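The values are calculated or read from the model by the stated rules, or taken from the named source; none is laboratory data. Small disclaimer: the values here were computed from a predicted structure and weren't measured. SASA here: full protein model, heavy atoms, side chains in, ligands and nucleic acids out. Shrake-Rupley method; radii C 1.70, N 1.55, O 1.52, S 1.80 Å.
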Amino acid sequence: MDMGGHIVTANQSFVDLCGKMMPEMRGHPLRRYFRQFVGEDNIGALAETGAHLEEAMLLHPLGEEIPTEIFFRQAVVNHEPPLVAVVRDLREKRAAEKQISYLSNYDVLTGLANRQLLMDRLLRAVPAAIANETRVALHYIDLDGFKELNRTIGQEGGDHLLRIFASRLQHCVRDVDTVARIGADQFC
């Protein structure tokens, strides 16, 4: 970018990310392609301090907002101090974070909350119930004979039954209630 933060050139990755062609981007301010920068508006100051914006939403022409992070630097080229912005697409990182969060809180087989999420919700619900002079109900369900049944019909059949059972439990409660699978054949 020039000292005013206008695009002079960009690599193909950034051009593709913006959904534009380089000739139509040249001369436009970098900030035009983002919803807003967090913090300093002056791109020269951002480059001078070597700023790193952890989250900046890039606006794609098709209406998609793409989470990015931006690293700003000054670089001396031909004795002129142009500004450099390195823009990193965060979509894959965010998808991986979302998947990790899901896997740490939900049972993969049934989609129900797991033991960790159940305990977290209980640790919040009990003090809230005490403060509001209300109650918390907890039902523990252990499927008797499931191990023998699983051996008889096979693991695939057992998994199918667990998914059906989980779905039926989920339909018996309100949206604000939590149904959790806390063990192989144990539910709360």
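Looking at the chain, the accessible area is 67 square angstrom per residue; that uses a 1.4 Å probe and ignores ligands, DNA and RNA. Structure remark: mean-square fluctuation, Gaussian network model of the chain, C-alpha springs under 10 Å; the largest value among Gly154, Gly44, Gly111 belongs to Gly154. Gain on full extension, evaluated as 0.36 nm per residue between Met3 and Leu59 minus their Cα-Cα distance, stands at 17.9 nm. Enter the accessible area of Lys147 (Å², nearest 10), with the probe set to 1.4 Å and all protein chains included. Lys147 has an accessible surface of roughly 130 Å² with all protein chains in place. Annotation: extensible slack from Gln99 through Arg26 equals 22.5 nm (criterion: 0.36 nm per residue apart, minus Cα-Cα distance). Among complete DSSP H helices in the chain, none has alpha-carbon atoms stretching at least 30 Å along the helix's long axis together with a mean Kyte-Doolittle hydropathy reaching -0.5. Across Arg73, Arg91, Arg135, mean-square fluctuation computed from a Gaussian network of the chain (C-alpha pairs under 10 Å connected) peaks at Arg135. Accessible surface of region 77-188, 1.4 Å probe: 54 percent of it comes from carbon and sulfur atoms. Per the Debye formula on identical point scatterers at the alpha carbon atoms of region 43-188, with no solvent, log10 I(q)/I(0) at q = 0.13, 0.16, 0.18, 0.19 Å⁻¹ is -0.78, -0.93, -1.05, -1.10.
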